[in-house]
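The structure appears below as structure tokens.
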Amino acid sequence: MAKKKVDPTVDPSVPSDAYKRMAPRWRLISTLLAGTVAMREAGQEYLPQHDAESPANYNERLTRNTLYNMTELTLDSLVGKVFVEPLVFSNGTPAQIKALYEDVDLMGNNASVFAREVFRTAMAKTVAYVLVDMPAKPTDPEVLAKMSMEDDLKRRPYWSMVDPENLFFQYAEVENGKEVLKQVRILE
């Protein structure tokens, strides 16, 4: 996290220095994990043209090169070892937490599936983020008048994974000995 004061006059679209350092690494691992087609599309970025190689010969070599994706195989193997068994609750876990388990992201994924994907992303890209959000309660008096208690109870927290490429700035300060996020910028 950034340790210096945030300049409020800085354009909010400007990524952090840490983001700028990591972006090329994320592009490389994303390309590797996407396989042969992505490697070919990256062209000279990862398959440079040789000195004295004609454009025609380079294009032919580019279309013949394949990527045996040991990176993805290794990543999947490592992640699989951690998630060989589903997540389990410790004794005393509140019922409200257990109720969220089967659909933590409101997209049908249970917590084990969601955690596996977050862990896989973090293993590949050094970091991954989870945003826990909850739909806001309507403020319109007419909508509130039509809402039942059951409607209100349907509003619940849900988890979203934020890829590191989409969280381009974060700033925290230490308050009472704890690091507290003060600003996070997420590309949507």
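Given N residues in region 109-176, what is Rg(Cα) / (2.2 N^0.38 Å)?
Cα-based Rg divided by the globular estimate yields 1.57.
What's the long-distance tail for region 23-64, i.e. % of Cα pairs beyond 13 Å?
Roughly 53 percent, rounded to a whole number.
Roll a 1.4 Å probe over the protein chains and send me the accessible area per residue for region 1-92 in Å².
I get 74 Å² per residue for region 1-92.
Just want to confirm a number: the relative contact order over region 92-146, from Cα pairs under 8 angstrom separated by 6+ residues, in percent.
Computed over region 92-146, the figure is 15 percent.
May I ask for the equivalent-ellipsoid semi-axes of the chain, computed as the square root of five times each C-alpha gyration tensor eigenvalue and listed largest first in whole Å?
Values for the chain, descending: 40, 24, 18 Å.
Would you work out what percent of the accessible area of the chain, with all protein chains in place, is carbon or sulfur (probe 1.4 Å)?
57 percent
Would you work out the relative contact order for the chain, in percent, from Cα pairs under 8 angstrom that are 6 or more residues apart?
RCO, the chain: 23 percent.
Out of every Cα-Cα pair in region 1-96, what percent are more than 16 Å apart?
74 percent
So what is the 222 nm mean residue ellipticity for the chain from helices alone, if each DSSP H run of at least 4 adds -39500 (n - 2.57) and you divide by all residues, rounding to the nearest 500 deg cm²/dmol?
Per the formula, -12500 deg cm²/dmol.
Identify which of Leu100, Leu47, Leu153 has the largest mean-square fluctuation in a Gaussian network model of the chain, with springs joining Cα atoms closer than 10 Å.
Among Leu100, Leu47, Leu153, the largest GNM mean-square fluctuation belongs to Leu153.
List the aspartates and glutamates whose alpha-carbon lies under 13 Å from that of Lys125, not counting same-chain residues fewer than 8 positions away?
Candidates past the 8-residue exclusion: Glu72, Glu117, Asp163, Glu165.
Just list whichever of Lys98/Lys137; Lys20/Lys178; Lys137/Lys178 have alpha carbons separated by over 28 Å in the model shown.
Exceeds cut-off: Lys137/Lys178.
Angle check, please: helix 17-34 long axis (alpha carbons) against the longest principal axis of the chain (alpha carbons), in degrees 0 to 90, nearest 10.
With rounding to tens, the tilt is 70 degrees.
Regarding region 53-144, what's the average projected area of the Cα-atom convex hull, expressed in nm²?
12.4 nm²
Springs between alpha-carbon atoms under 10 Å, Gaussian network over the chain: tell me which of Val127, Val143, Val37 tops the mean-square fluctuations.
Val143
Going by average Cβ neighbours within 10 Å, how do the peptides 48-60, 110-122 rank, with the highest at the top?
Highest-to-lowest ranking by the protection proxy: 110-122, 48-60.
The values are calculated or read from the model by the stated rules, or taken from the named source; none is laboratory data. Remember, it's a predicted structure, so these values are computed and weren't measured experimentally. A quick note on method: Cβ atoms are made from the backbone with ideal geometry, for glycine too, and the neighbour counts reach across all protein chains shown. Only protein heavy atoms, including side chains, enter the accessible area calculation; ligands, DNA and RNA are left aside. Shrake-Rupley method; radii C 1.70, N 1.55, O 1.52, S 1.80 Å.
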